[in-house]
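For reference, the structure is listed below as structure tokens.
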Amino acid sequence: MATIQDIARISGYSIGTVSRVINNRADVSAEARRKIEEVVREQNYQPNSSARMLRQSISSEISIVVRGVRNVFLQSLLEGVQIRIRDNGEIANVQFIRETDDEVAVAVQVLQNLKPKGLIFLGGSTKNFQEDFSKINVPSVLISADASGLGFDNLSSFTTDDVNAAARAVGELVSQGHRRIGILGGYPGDAEGMRPNDSPAQRIRGALEELEKSGIAFDLERDYEESPFSAEGGYHTAEKLLLRTPDLTAIFAISDSIAIGAMRAFRDMGLRVPEDISVVGFDGITAAKYSVPRLATIQQDATLLANKSVDDLLMRISYERTAVHEKIPYLYVNGESVAQPRE
């Protein structure tokens, strides 16, 4: 049996355009409608009746919930998501919340008030999803956290392999000869109490696994400091960490914003990066290319994350399909902020 994805591929139009024709929406050109209806007849496509009835009770918009108003990487993801949604002829509204807010509780309210046909979560705690996502009955996507273990048929997820990527970042420091490495970043409790599929906790886990594998001692109370996902947070927590543990020769920051703030703090403390202390970040935001020195980092593929997430959501909105979970490739960027430790 043909799917809406087949109709889109054969007709040459986007899934969003095909969906609007199938649902008899007016905002489609006559030529597109003619071509798509011809392919629908040829392929004997039958829209899912239960999905059609559900669509009649919801709006035509997609709601995006962004957890962390100062998280620069999520901002770049949001831009990509909005462009992909627009290119498919769809409309989206955006809800910004704080890093410590419950994104699922907010989404439940959005669902009641705006009745979106789909939800996209940029960032999130899988603990919140485990507890309350059963209240959400529309197709949804979680970006930058792994929802594969939660068991919700209407929740897909797309994320970087945070464990492997963080291990790679710390491995670069180890390969340069660093043996006193600190870790910066995350929400309160990331290192010990958060669910293991959340990105901050996954990055810390990857870093700790690499240190253990390399035989390098790490004291969580001494060598780790929590930080919000912002340059300001990185500045203050880096200063606090180094005053407490002055023998550190390198820092792994679990976001580029934190790393950039940390580098400024080290400079203000009279230290040079990388001559006195090395720094590696995570995300690959644009600012990392222009920092002085240029930041070594894990570069996530924001465009691929955005495109795959939107495409998956639009297909599940228009056609009954099981949720999918996928890891998106990353790239380590050398930068100029890592060097061998001083003798």
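The values are calculated or read from the model by the stated rules, or taken from the named source; none is laboratory data. Owing to the predicted nature of the structure, the values given are computational and were not obtained by experimental measurement. Backbone-built Cβ (ideal geometry, glycine too); neighbour counts: all protein chains shown. Accessible surface is based on the protein model in full, side chains and every heavy atom, while ligands, DNA and RNA are left aside. Shrake-Rupley method; radii C 1.70, N 1.55, O 1.52, S 1.80 Å.
Calculated FRET efficiency, Leu220 to Val292, Cβ-Cβ distance, R0 = 22 Å: about 0.10 to the nearest 0.05. Rolling a 1.4 Å probe over the protein heavy atoms leaves Arg316 with an accessible area of roughly 20 Å².
Restricting to the chain, compute how many DSSP beta bridges are antiparallel as a %, nearest 5. Taking every DSSP beta bridge with both residues in the chain, the antiparallel ones total about 10 percent. Residues whose amide H lies under 5 Å from that of Asp146, counting only those 5 or more places away or on a different chain, are Ser199; hydrogens are built 1.01 Å from N in the peptide plane.
Taking 51 Å as R0, compute the FRET efficiency from the Cβ-Cβ separation of Arg342 and Lys115 and round it to 0.05. After rounding, the FRET efficiency stands at 0.25.
So, R0 is 45 Å and r is the distance between the beta-carbons of Val69 and Asp6; what FRET efficiency does that work out to, to 0.05? FRET efficiency, Val69 to Asp6: 0.65.
Placing one equal scatterer on every Cα of segment 200-256 and applying the Debye formula, the log10 ratio I(q)/I(0) at q = 0.14, 0.22, 0.29 Å⁻¹ is -0.38, -0.95, -1.38.
For segment 183-328, the relative contact order is 19 percent, taking Cα pairs closer than 8 Å that sit 6 or more residues apart in sequence and dividing their mean separation by the residue count.
In segment 223-334, the DSSP beta bridges split such that about 35 percent are antiparallel, to the nearest 5. Listed by chain and number, the lysines placed with their C-alpha closer than 26 angstrom to that of Lys308 are Lys35, Lys115, Lys117, Lys127, Lys135, Lys289, Lys327; residues fewer than eight positions away on the same chain are left out. A value for P(r) over Cα pairs in 20 Å bins from 0, in percent was derived from the coordinates, and within the list (1) 25, 54, 19, 2, 0; (2) 26, 47, 24, 3; (3) 31, 48, 19, 2 it appears as (3).
Helical content of the chain, expressed as a calculated mean residue ellipticity at 222 nm, amounts to -13500 deg cm²/dmol (DSSP H runs of 4 or more residues, -39,500 (n - 2.57) each, divided by residue number, nearest 500).
Residue ranges 206-213, 97-104 sort as 206-213, 97-104 when ordered by packing (mean number of other C-beta atoms within 10 Å per residue, highest first). In this structure the amide hydrogen of Glu61, modeled in the peptide plane, comes within under 5 Å of the amide hydrogens of Lys117, none closer than 5 places in sequence on its chain. Remark: segment 102-170 projects, on average over all directions, an area of 4.7 nm² (convex hull of Cα atoms).
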